[in-house]
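Trainee: First the structure, which I've put down as structure tokens, then a few questions once you've had a look.
Bear in mind these aren't lab numbers, they're just calculated from the coordinates by the rules spelled out. Here the structure is a predicted model, which means the values were calculated and not measured. Counting neighbours? That spans all protein chains shown, and the Cβs are built from the backbone with ideal geometry, glycine included.
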Amino acid sequence: MQATRMTVLGATGSIGCSTADVMLQHPDKFSAFALVGHRNADKMLELASSLRPQWVVMTDADAAKQLLGRLPTGVRLESGMDAAIELSSATETDMVMAAMVGSAGLPATLAAVQAGKRVGLANKECLVTAGQIFMSEARKAGAEVVPVDSEHAAIHQCLVGHDHASISQVILTASGGPFRDRDPATLHAVTPEEAIAHPNWDMGAKISVDSATMMNKALELIEARWLFNIEPSKLSAIIHPESIVHGMIEYSDGSVLAQLAMPDMRMPIAYAMQAQPRLTTGIPWLDLAKTGQLNFQAVDKVRFPAMRLVQDVLQGEDALAITLNAANEVANAAFRNRDIGFMDIVTTVEKALQQVDNTPVETLDDVWSHDAHARAIAVEVMNA
Ligand SMILES: NC(=O)c1ccc[n+]([C@@H]2O[C@H](COP(=O)([O-])OP(=O)(O)OC[C@H]3O[C@@H](n4cnc5c(N)ncnc54)[C@H](OP(=O)(O)O)[C@@H]3O)[C@@H](O)[C@H]2O)c1
């Protein structure tokens, strides 16, 4: 059988590199058609040498220039988002791993969906900003969208063979991040380094900060709403510090199904790449006797106000979700750049939400105009 030809968007990031790891463990099953990065030319050079793709794309033109004449023989080079969009929907792509960070990932991922590709979806911002449009395009084109977020991959696995109408609750677990037990009075002084040092997961900088504010869980609840077509009242999150149980579904008879694994993204990535038969991943075996205890606690919405904000956003129209996401991207980046404090991230998002109308979103143009508007408001709020 021919190997699945992969296009990896965000290849140079944390998910992209874990995807490369799984591909290299199964060279008979997966080959690289295209690898897409943004600025990290050195990492791309490393990946191109090991995976030997047909195409390398750097969406940043200067980064592409750094690769001129340095790629292995036969690997072709392009730059810009248009090239990423073209290769994601090319005939030679069988599957796209969507792992760019932020709403920048939407155009190329949507192009893959519209071309009917199988899409491993790590980029949660696609569904947060354009959930209805994205899933409706996937249905129209017959594209299979498989979640890569560990929580959603867990829910996907707990759904297999079950009746959707029997779901009474979808529960996403959250580690609570590095500040779960920290005195809230000291949170204003935390540094980007402290916020990025996640206790259980090794992830990119933006999502690590989102985990510390729990904005990541807020985005994931919105993602789950569209991915699984679940009404907001049936979606919840629970703190689980060990990150061993990734998600649970409670069915109408009171039975709860959970999926467990060691916290290593290669597991959900491999599941998205090939669900059956299961791939080996090299992740450590789960030894529950050694783990000893699995703990759970309710989410404290005072400590984590992002989880309060998302309740209104889930009940509202898509303009609110786009605003939550865009304002968060701006404030998260400003915090990492030391322009604002940690507590200012969610405050900025809350103030941006107060300034927008709760309007439905029908087209991609609407998505981008709400996105730009929210970014401008977030900047204004931070400068006030
Ligand atoms: N890491 C995890 O464990 C995890 C788990 C669940 C979901 N996710 C989701 O997966 C996505 C990627 O996360 P990550 O942790 O892998 O992030 P990351 O390590 O920061 O990597 C981000 C990737 O996106 C590229 N990129 C950044 N800005 C871009 C832009 N403006 N245009 C095009 N490409 C751009 C980066 O390229 P360069 O590095 O070359 O600049 C890199 O390849 C996020 O949406 C995140 O929420 C991640």
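Trainee: Among 119-129, 39-49, how do they line up by average Cβ neighbours within 10 Å per residue, starting with the highest?
Mentor: On the way: 119-129: 28.1, 39-49: 18.3.
Ranked by mean Cβ neighbours within 10 Å, highest first: 119-129, 39-49.
Trainee: While we're looking at this one, here's another question. What FRET efficiency comes out for the pair Asp357/Glu92, r = Cβ-Cβ distance, R0 = 41 Å, nearest 0.05? Spell out each step's value before the answer.
Mentor: Working: r = 43 Å, r/R0 = 1.06.
The pair Asp357/Glu92 has a calculated efficiency of 0.40.
Trainee: Shifting gears a bit: Residues in the stretch 216-247, backbone N under 18 Å from the label point at Leu288 (7 Å along the Cα-to-beta-carbon vector): list them, ranges by number please.
Mentor: 240-247
Trainee: Give, in nm to one decimal, the length gained when the segment between Arg303 and Ala165 is fully stretched (0.36 nm per residue of separation minus the Cα-Cα distance).
Mentor: Details: separation 138, 0.36 × 138 = 49.68 nm, distance 3.40 nm.
Length difference between fully extended and current span is 46.3 nm.
Trainee: Filter Lys124/Lys351; Lys117/Lys140; Lys29/Lys117 down to the pairs with a C-alpha to C-alpha distance above 19 Å, please.
Mentor: On the way: Lys124/Lys351 23 Å; Lys117/Lys140 12 Å; Lys29/Lys117 17 Å.
Too far apart for the 19 Å limit: Lys124/Lys351.
Trainee: Please report the spacing between the Cα centers of the stretch 127-146 and the stretch 27-80 in Å, no decimals.
Mentor: Comparing the Cα centres of the stretch 127-146 and the stretch 27-80, I get a distance of 28 Å.
Trainee: Between Ser49 and Ser255, what FRET efficiency comes out of the Förster formula 1/(1 + (r/R0)^6) with R0 = 56 Å and r the beta carbon distance, rounded to 0.05? The partial results should precede the final answer.
Mentor: Working: r = 49 Å, r/R0 = 0.87.
FRET efficiency, Ser255 to Ser49: 0.70.
Trainee: Sorted by packing (mean other beta-carbon atoms within 10 Å per residue), highest first, where do 363-376, 318-331 land? Present the calculation step by step, with values, prior to reporting the outcome.
Mentor: Values: 363-376: 17.2, 318-331: 26.8.
The most tightly packed comes first, giving 318-331, 363-376.
Trainee: Given the Cα-Cα distance of Leu364 and Asp60 and 0.36 nm per residue of separation, how much length would full extension add, in nm? List each step's numbers first, then the result.
Mentor: Numbers: separation 304, 0.36 × 304 = 109.44 nm, distance 2.30 nm.
Contour length minus the Cα-Cα distance gives 107.1 nm.
Trainee: Please report how far the C-alpha centroid of the stretch 263-341 lies from that of the stretch 169-211, rounded to the nearest whole angstrom.
Mentor: Here the answer is 10 Å between Cα centres.
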